[in-house]
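Below is one structure, written out as structure tokens, with a few remarks after it.
The values are calculated or read from the model by the stated rules, or taken from the named source; none is laboratory data. Note that this is a predicted model, so its numbers are computed, not measured. Every residue, glycine as well, gets a Cβ built from its backbone with ideal geometry; the counts of neighbours run over all protein chains shown.
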Amino acid sequence: MSEELRELPEGWEWATLGALLLNIQYGYTASATDQPTGVKFLRITDLQNNFVDWETVPFCNCSEIAKYQLSEGDIVIARTGATTGKSFLLKKIPETTVFASYLIRLHTSSLYPPEYLALFMQSADYWQQITTVSKGTAQPGANASILSQLIIPVPPVKEQKQIIAKIEELNDRTQRAKEALDSIPQLCDRFRQSVLAAAFRGDLTADWREQNPDVESPFELIERIYKLRKQQYEKDCIEVCKQGKKQLRKPSNLKPQIRDSEYLIEIPESWFWSSFEDISSIKQYAMSSGPFGSALGTKDYKDSGIPVIRGQNIQNGKFLLSNFVYVSEEKALELSRSTAYPGDIVIVAVGSSGQAALVPDSLHRAILSQNCNKFTVDKLFVDPKFIVLSLQNEIAKSQMQEKTTDTVRQFLSLTNLKSTLFPIPPLNEQHEIVKRVEILFGLISQIQNQHKKVESDLVKINQSILAKAFQGELVPQNPDDEPASVLLERIRAEREKLNNSKPKSRGTSKGKSKTSQGQVSIPGLE
């Protein structure tokens, strides 16, 4: 053995994997079928998270069932691809099953519990060896000869059983902790929706309204906004006239409306329902969609220039400043009606329909892709952050779902978005809602970050348990236990007896021979 191997407790031995096996065998080559004919056919893809769903395992017609039939106590290992080294211990096999050619079957001896070997194959020591032997090739892989030379610490059989029992006991505890942790993301999502529901029916700021009773009524607010917009529109018309340009079209939302809502949600008296169109600015292209058809495509993308906002930049109310593509300044000018600026609300129209986020201040100017819509809201009327939060609430989400056309890909058009209704509080109350929601969302983020850390810690704990187990530190040693060297000798004798009982092959090559189709005799396993 290598001088680099650590010292083991008394009674333990270092051994190769081959020294612990009766044989190693490659699987059967056949085509899988979902038709219930022949026998079950276990493949690499059927091994998922140390589990096999036998209902989904396909079938195959096998002419040599006896040679490839799996038995309880066998361990199968993936020998190629990204899952090289992934293993599975067969404890219960519901019906006759053979294994596919990209798997290797380890036939273990009944002289020791196969669970010990299966647990070692989950340890960092095992995976370090697998990584070492499979790296440096275009396609990761480990053949039977390589696997047979993996080094394993072997304790006495009695201690192996104690180690298995202790690991299972500790794993039960960590599994219970994991199951409790698994419920946290869903609880966080439910809490987030509860916060939004309370915010947009007025419960979250009930105390604020008590302390601030003197606010504009909805009708007063609408009239004030109308007067301001009308003044701005008239001013813009005069300016255009002076420049000798074409008369401006009258904005469709010049006078915002108080809308009737079919949504039976009681809101405070100082609130009212209004549409996306009503709350948008009257500026030209305040409500716009991305370029139509072939006006913008991959042919226009550059390595630098004006960034293009795509659906992947919008995620869970956040704007992701990454993975941009760009267009030239000339192309951006050509697509000026689809320009977005800081503070604009961008809504994904295709795929993740309804996902929305604010364009950040750091993005001075960008072009919408075909799958995005944009709204520039009237900041005298609404806080854009309030509207982005509203779009995450079930009231808005259900409306957008209804307005999404079910084509080959779901599509949320600008026209349909304009009629989306929001409960609108006074502007100062909107600011207060945004502040309170962001505080509560911040707490949720802290919980989620802590959840990720604890999940990572659980993985480390499980690996630490395995490390201690295979260093002889998990359970106490008993000097009266039969040493591992005796076990290894018994396995060798059992393997030799098994090999001698088989008919000899003719014309075997030096060092390695196939004793039967798919079964390999490895030096050191004779």
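At-a-glance table
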item	result
Within region 177-202, tally of residues that are in contact (Cβ under 8 Å) with a residue 24 or more places away in the chain and among the charged types (D, E, K, R)	3
Region 338-361 - residue that is modelled with pLDDT of 95 or more and among the hydroxyl-bearing types (Ser, Thr, Tyr) and, of those, nearest to GLY317 (Cα to Cα)	TYR341
Which listed residue, of ILE77, ILE65, is more than 30 Å from LYS158 (Cβ to Cβ), in contact with a strand residue (DSSP E or B) (Cβ under 8 Å, 6 or more places away or on another chain) and modelled with pLDDT of 95 or more	ILE65
Total residues in region 62-98, condition in contact with a Ser or Thr (Cβ under 8 Å, 6 or more places away or on another chain), hydrophobic (A, V, I, L, M, F, W, C) and in a loop (DSSP other than H, G, I, E, B)	3
Count - residues of region 48-61 that are within 17 Å of PRO94 (Cβ to Cβ) and assigned to a loop (DSSP other than H, G, I, E, B)	7
Region 323-364: number of residues that are part of a loop (DSSP other than H, G, I, E, B), under 22 Å from GLY293 (Cα atoms) and more than 27 Å from the chain's Cα centre (by Cα)	2
Top-ranked residue in region 126-160 [being without any contact (Cβ under 8 Å) to a residue 60 or more places away in the chain and touching a helix residue (DSSP H, G or I) at 6+ places or on another chain (Cβ under 7 Å); ranked as farthest from PRO479 (Cα to Cα)]	VAL133
Options ASN393, ASN373: the member that is in the same structural domain as ASP278 (by TED's automatic domain parsing), on the phi < 0 side of the Ramachandran plot and in contact with a strand residue (DSSP E or B) (Cβ under 6 Å, 6 or more places away or on another chain)	ASN373
Cβ pairs under 7 Å, 6+ apart, first in region 161-176 and without any contact (Cβ under 8 Å) to a residue 60 or more places away in the chain, second part of a helix (DSSP H, G or I)	ILE164/GLU115; ILE164/TYR116; ILE164/LEU119
Out of GLN463, GLN430, GLN448, sole residue that is of a type outside the set (Asp, Glu) and in contact with a Cys (Cβ under 7 Å, 6 or more places away or on another chain)	GLN448
Candidates LYS379, LYS385, filtered to the one that is charged (D, E, K, R) and touching a helix residue (DSSP H, G or I) at 6+ places or on another chain (Cβ under 6 Å)	LYS385
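Matching residues to (1) closer than 30 Å to GLU159 by Cβ; (2) touching a residue at least 24 places away in the same chain (Cβ under 8 Å); (3) surrounded by 21 or more Cβ atoms within 10 Å (Cβ to Cβ); (4) of a type outside the set (Asp, Glu):
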residue: GLU13; (1), (2), (3), (4): yes, yes, no, no
residue: LEU17; (1), (2), (3), (4): yes, yes, yes, yes
residue: LEU22; (1), (2), (3), (4): yes, yes, no, yes
residue: ALA30; (1), (2), (3), (4): no, yes, no, yes
residue: ASP34; (1), (2), (3), (4): no, yes, no, no
residue: PHE41; (1), (2), (3), (4): no, yes, yes, yes
residue: THR45; (1), (2), (3), (4): no, no, no, yes
residue: ASN50; (1), (2), (3), (4): yes, yes, no, yes
residue: THR56; (1), (2), (3), (4): no, no, no, yes
